[in-house]
Amino acid sequence: MLQPPQIGFQRSVNQSNVKVNPLGDWLEAILLFDQQEVSKNEIVDILIEFEICPDEAQDLAHEIASDGWDELRRRKTWGGIPESTTISANRIEEASRWEEQPVRSFFLLLSLFRIFPDWAKDVRDNVTQGNLFEEVVEMICPAVLPGWNVFRAGWSPENAKNVPTIVADLCERLYVKGAANLGEWLEPDAKDGGLDIVCYRSFSDQREAMPVYFLQCASGKNWREKVTTPNAGRWQKLLDAAVRPSTGIAAPFVIDNKELKMAALDGQITVLDRLRLLGSATSAQIEFPEKLTARIIEWMRPRIDTLPRAS
């Protein structure tokens, strides 16, 4: 069985000091990457073995396990866990292997980087994981915004774009002129200006002031630092647009209610977490390209093999 996470699992004696979000990710990871079924008694045993709970706190360990069961039920209700997962009173079973649900597995593996930092430092690959995540989000966005056009605007290993290049492309798509004094609004290290994906609803009249979303894709644990990028006001200036674009952030993590609300407030953004992305993809029955899923599986396999497991 996978070891308990390093993050979010504090010693619990009289009350639970285990955070529900890492607990849910741990249970999902056990089911997808380890043994495909797990009982509450097994979770209780591992909590005591790793001294999260003392021997005499069996009831508390059972309470923590029950919290995990409740979290997975919530995730399933909200579309983040598929019908192949069966949650009964004392056992959870997963009928499909992780290779059969590569996008969900990919999002979950990225989430494990946050709660197993010692393992993550040896296997993290920011460029590749970020590029794969953007490709997946690009495929899901039409399900989030039906009828909208979607394209990757930002930098990628195959296409090293910069802000002037992106502005020129957006001027053609959004029917704006672009700033005449573009250089005055450019920062030396702007690169792609924090803009990864553009979603827009076009009309046949080819006039500006159409609905637009600028999205940042954040696959790393520092996603909270990116809630103010792309900066809507700056992009409005760069494009010389009449309307400030709406902005959002997509992340592969399950973000709890308060954290999601605070991120939305701080950045004035739409937050698309794992539950919203997977729920939208499932509802729209999105079929991901075979070449993309093959690349995801190839990238994941050696990392799954090295996950920290109990002896």
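Pairs of alpha-carbon atoms within less than 8 angstrom and 6+ residues apart define the contacts here; what relative contact order does the chain have, in percent?
For the chain, the relative contact order is 19 percent.
Select from segment 165-214 those chymotrypsin sites (Phe, Trp or Tyr not before Pro) which occupy a DSSP coil region and have at most 13 other Cβ atoms within 10 Å, ordered by residue number.
Hits after loop and neighbour filter: Phe203.
What are the GluC sites (Glu not before Pro) within segment 148-192 that DSSP puts in a loop, where the Cβ has at most 13 other Cβ atoms within 10 Å?
Glu158
Distance between Cα centroids, segment 125-201 to segment 229-270: provide it in whole Å.
Cα centres, segment 125-201 to segment 229-270: 14 Å.
Relative contact order of segment 82-172, please, whole-number percent, based on alpha carbon pairs below 8 angstrom and at least 6 residues apart.
12 percent
DSSP loop GluC sites (Glu not before Pro) in segment 45-125 with at most 12 other Cβ atoms within 10 Å of their Cβ, which ones? Don't skip to the answer; put the middle values down first.
On the way: sites: Glu49, Glu51, Glu56, Glu63, Glu71, Glu83, Glu93, Glu94, Glu99, Glu100; in loops: Glu51, Glu56, Glu83.
When the GluC sites (Glu not before Pro) of segment 45-125 are filtered for loop state and at most 12 Cβ neighbours within 10 Å, Glu51, Glu56, Glu83 remain.
Placing unit charges on C-beta atoms (Lys and Arg positive, Asp and Glu negative, everything else neutral), compute the dipole magnitude of the chain about its Cα centre in debye, rounded to 20.
Charge dipole, the chain, about its Cα centre: 1040 debye, nearest 20.
Using 0.36 nm per residue of separation minus the Cα-Cα distance, give me the extension gain between Asp118 and Ala89 in nm, one decimal.
Length gained between Asp118 and Ala89: 7.1 nm.
With each run of n ≥ 4 DSSP H residues scored as -39500 (n - 2.57), what mean residue ellipticity at 222 nm is computed for the chain after dividing by its residue count and rounding to the nearest 500 deg cm²/dmol?
-14500 deg cm²/dmol
I'm spelling it out carefully: the read-out is volume of the Cα convex hull per residue in Å³, the candidates are [x] 134; [y] 195; [z] 157, and one was derived from this structure. Which label?
[x]
I'd like to know which of Ala168, Gly193, Val150 lies farthest towards the positive end of the charge dipole of segment 137-209, counting +1 on Cβ of Lys and Arg and -1 on Cβ of Asp and Glu.
Looking along the dipole axis, the top candidate is Val150.
Readers should treat all values here as calculations from the given coordinates under stated rules, not as data from a laboratory. Keep in mind that this is a model prediction, so the values were computed, not measured. Heads up, the Cβs are rebuilt from the backbone with ideal geometry, glycines too, and the neighbour counts pull from every protein chain shown.
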